[in-house]
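I have placed the structure first, in the form of C-alpha cells, so that the comments after it can refer back to it.
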Amino acid sequence: MVQKTVTIRLPLSRNEKDDVYVAVNGKKYQIKRGHDVKVPENIAKVLKRKEKCLEVAMAYEEKAKQNMPE
C-alpha cells in the first residue's frame, strides 16, 4: 500500500535545534528541523497532534500558575 506523503518543515529555533524522532507502527523517522521534508501523512498528523497537546498543556500550566496563592 502506497502512503500519501506531505511536505512539512519543523521550525528551527535557539531552543529547538535537534532532529525530531517519530515512530508509528514500528516505523521510525528522523526529521531534520529547518528543512522541507516529505513524510507520510500519518507522521505529519502525529506531529500536529503533539503541537496541539503541548499548546493545551502550556495553557493549563499558565492558568494553574495564575490561580496559585502567593
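The values are calculated or read from the model by the stated rules, or taken from the named source; none is laboratory data. What you are looking at is a predicted structure, and each value in this text was computed from that prediction instead of being measured. For neighbour counting, all protein chains shown are included, and Cβ atoms are generated from backbone atoms with ideal geometry for every residue, glycine included.
Among the residues that make up segment 45-62, is at least one of them under 16 Å from Val6 (Cβ atoms) and touching a residue at least 24 places away in the same chain (Cβ under 8 Å)? So far as segment 45-62 goes, yes, one or more of its residues are under 16 Å from Val6 (Cβ atoms) and touching a residue at least 24 places away in the same chain (Cβ under 8 Å). Please go through segment 14-27 and give me each residue that is in contact (Cβ under 8 Å) with a residue 12 or more places away in the chain and more than 19 Å from Asn42 (Cβ to Cβ), ordered by number. Passing the criteria: Glu16, Lys17, Asp18.
Listed here are the residues, each with its yes/no results for (1) at pLDDT 90 or above; (2) of a type outside the set (A, V, I, L, M, F, W, C).
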site	(1), (2)
Asn15	no, yes
Asp18	yes, yes
Ala23	yes, no
His35	yes, yes
Ala57	yes, no
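All of (1) free of Cβ contacts under 8 Å to residues at least 24 places away in the same chain; (2) on the phi < 0 side of the Ramachandran plot; (3) of a type outside the set (S, T, N, Q) hold for Lys4 with one exception: (1).
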